[in-house]
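The values are calculated or read from the model by the stated rules, or taken from the named source; none is laboratory data. None of the values given here were measured: they were computed from a predicted structure. All Cβ positions, glycine included, derive from the backbone under ideal geometry; neighbour counts span all protein chains shown. Just so you know, the surface numbers come from the protein's heavy atoms only, side chains and all, with ligands and any DNA or RNA stripped out. Shrake-Rupley method; radii C 1.70, N 1.55, O 1.52, S 1.80 Å.
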Amino acid sequence: MPIIEVQSLYYSYPGSKEPSLIDINFKANEGEFVVISGPSGCGKTTFCRALNGIIPVSYGGEFKGSVVVDGLETTKHQVYEIAQKVALVFQNPENQLFCTSVEREVAFGPENLALSREEIRCRVDEALEMVGISHLREKSPDELSGGEQQKVAIAALLTMRPKVLVLDEPTANLDPLSARSFLKLLARLNEEMGVTVLLVEHRLEMVSHLADRCVIFDGGKIVLDGPPREVLYSDTASRLGIGVPKAVLVAKRLKLQEITKAKPLTSWELADLVRGIKP
Amino acid sequence: MKVLAGFDYRRGKTPIHKLDPRSKLVYLVLYSALTVYFKNPLILLLLFVSTIPIVSVGKIWGRWGISIKGSVFFISFIFIFNFIAQVLSGSTMADAVLSGISMSIRFVALISIFATFFLTTSPEELTQSMVQLKIPYDYALTFNMAMRFVPTLGKEAGHIMDAQKSRGLELEKGNLMTRIRNYIPVLIPLIISSFRRAELVADAMESRAFGASKKRTSLYVLTMGSNDYLFIAISALSFLLLLSLNLFAGIA
């Protein structure tokens, strides 16, 4: 059974004429790493918020279809129930950290769940360790860099032991180096803990090789859904103007596929291929 | 607004920092009451001087000093206004001067008492003590978040001011009224963005299971130690001593 199942989802924000999501059908299996991309305003953010139920529960608006997460239908349960299954990381780290120390921040979730103190302590230590920010424990979120703040946001969600991590452009405010280290962390969590990852990201250059699947949104609809190599080499992808990796563009211009069958995604894959071609 | 340096908490490991916020709260309430109650400038000076050992043990000379220096600006206002009010209400010159001096010392003493409290008490411990004093968690959390977002809002106001200045807004021009009016293009975006931020913060809180249970656990529980009882005892005894001065020696 898929861990996330979205069926003919339609949603329009209260007071807006145009729907933000139209007839979305989407499935994700446990342990999958899915990258979601698409032009601005295509419904990615709305889709993320529909996955843990804050849409439609907190936002209202017109909602049709169904979103089922680990057997729970979002409209039939409270957000705090769904939140224990689906962890949502937002774009701006500053607005999702509201405590005055990293440790308190990370403990906030399990405190709400009224777990025992020992259990909270254990989960907090574990999450800080896993994300590699144990040394920041005493700091105030205000004193941290953007990359560190996003790591705190992840740790704060991991303490609730979610099955799915949904991240809405988490690297948008980060410099390339911090972004890379953050994405590596995601890949590690996915691999070691088996957490399902749904990552909204424009920098496909950095993530497409990590992903099992690539989903492209446009105008509130899913227009492409498949393995990254299929999706990114398709004509639709280049037409939409999403951040197709440079290696893909070069390979297409070189018409590499006429020579080899391979579809390189990264610059090093491309380099290896080119070196391997005998004149 | 250098007086605000008195609210700029930094982590510390001194015995004063380690005191339970509740015992410091007892001190804060008792001593503020005394400061408001007494009029005698010598007693008020004594109350001010009594904060100095705390400043010294708490090693907060730097920010405490800035905050006291910053209050000097207000003192001149307080002195002049108080003096004028006293003279107008028919006091003699000498009484008016004395009352002005008392008022000024009282102000500085209050600033000092509050500064020693806030400079040595972390917002999270203060929040926790509120929870343990049976204040509903929602209120305690609101207080904690206010402390957390003050610097963020300050930063944001700076950005908006820069953006508006680069479009030609002149903040430091004109008389008082125009200057106030000049700030409207800064305030409106700031207020709107704060509302948006509040929504996003609410989303983040809901995503972290806020409201999942009626009785939530706290990772930390504050406990009173022997230092706390000692501190409360000293505060209470000196409080009673000063009050008896008032009752038996008639010093007001």
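Distance between the modelled labels on residue B:73 and residue B:179, one decimal in nanometres: 1.1 nm (7 Å Cα→Cβ projection).
Restriction of the chymotrypsin sites (Phe, Trp or Tyr not before Pro) in segment A:1-73 to DSSP coil positions whose beta-carbon has at most 16 other beta-carbons within 10 angstrom yields A:59.
Please identify which residues in segment B:181-212 have an amide N closer than 15 Å to a label point set 7 Å out from the Cα of residue A:78, following the Cα→Cβ vector. Those under the cut-off are B:205-212.
Over segment B:129-206, the reciprocal of the mean inverse Cα-Cα separation, the Kirkwood hydrodynamic radius, stands at 14.8 Å.
Note on chain B: GNM, Cα springs under 10 Å; of B:211, B:225, B:168, the largest mean-square fluctuation is that of B:168. Rg and Dmax of the protein assembly as shown, based on Cα coordinates, read 29.7, 109 Å. This model, with +1 at the C-beta of Lys and Arg and -1 at the C-beta of Asp and Glu, gives segment B:129-206 a dipole about its Cα centre of some 300 debye.
Accessible-area rank, largest first, for A:272, A:218, A:225: A:272, A:225, A:218, with all protein chains present and a 1.4 angstrom probe.
Neighbouring Cβ atoms from other chains, within 10 Å of the Cβ of residues in A:76-84, number 4 on average. Any idea of residue A:268's accessible area? Nearest 10 Å², probe 1.4 Å. Rounded to the nearest 10, that gives 140 Å². Shielding value for A:110-119 is 5, the average number of Cβ atoms from other chains within 10 Å of each residue's Cβ. Dividing the summed -39500 (n - 2.57) terms of all DSSP H runs of n ≥ 4 by the residue count of chain A sets its mean residue ellipticity at 222 nm at -11000 deg cm²/dmol. Note on chain A: GNM, Cα springs under 10 Å; of A:25, A:95, A:52, the largest mean-square fluctuation is that of A:95. Over all pairs of different C-alpha atoms in chain B, the reciprocal of the mean inverse distance, the Kirkwood hydrodynamic radius, equals 21.5 Å. Among the residues of B:215-221, the average count of other protein chain beta-carbon atoms within 10 Å of the residue beta-carbon is 6. When B:232, A:4, B:180 are compared by accessible area at a 1.4 angstrom probe, the order from most to least is B:180, B:232, A:4.
Between A:134, A:101, A:234, the GNM of chain A built on Cα springs shorter than 10 angstrom shows A:234 fluctuating the most. The relative contact order of segment B:2-121, computed from alpha carbon pairs under 8 Å that lie at least 6 residues apart in sequence, is 49 percent. The GluC sites (Glu not before Pro) of segment A:89-150 that meet both conditions, a loop assignment by DSSP and at most 14 other Cβ atoms within 10 Å of the site Cβ, are A:138.
Based on the reciprocal of the average 1/r between different C-alpha atoms, the Kirkwood radius for chain A equals 19.8 Å. I'd like the FRET efficiency for residue A:145 and residue A:253, computed as 1/(1 + (r/R0)^6) with the beta carbon distance as r and R0 of 41 Å, rounded to 0.05. With R0 = 41 Å, the Cβ-Cβ based efficiency is 0.65.
Taking the charge dipole of the protein assembly as shown about its Cα centre, with +1 at Lys and Arg Cβ atoms and -1 at Asp and Glu Cβ atoms, the residue from A:222, B:14, A:59 reaching farthest to the positive side is B:14.
Taking Cα centre as origin and charging only the Cβ of basic (Lys, Arg, +1) and acidic (Asp, Glu, -1) residues, the dipole magnitude of the protein assembly as shown rounds to 980 debye. Given A:151/A:252; A:27/A:184; A:163/B:13; A:139/B:134; A:44/A:151, which pairs have Cα atoms separated by over 30 Å? With Cα atoms farther than 30 Å apart: A:151/A:252; A:163/B:13. Principal axis analysis of the Cα atoms in segment B:2-121 yields extents of 52, 26, 18 Å, listed in decreasing size. Summarising the label geometry, the points placed 7 Å from Cα in the beta-carbon direction at residue A:1 and residue A:23 lie 2.8 nm from one another.
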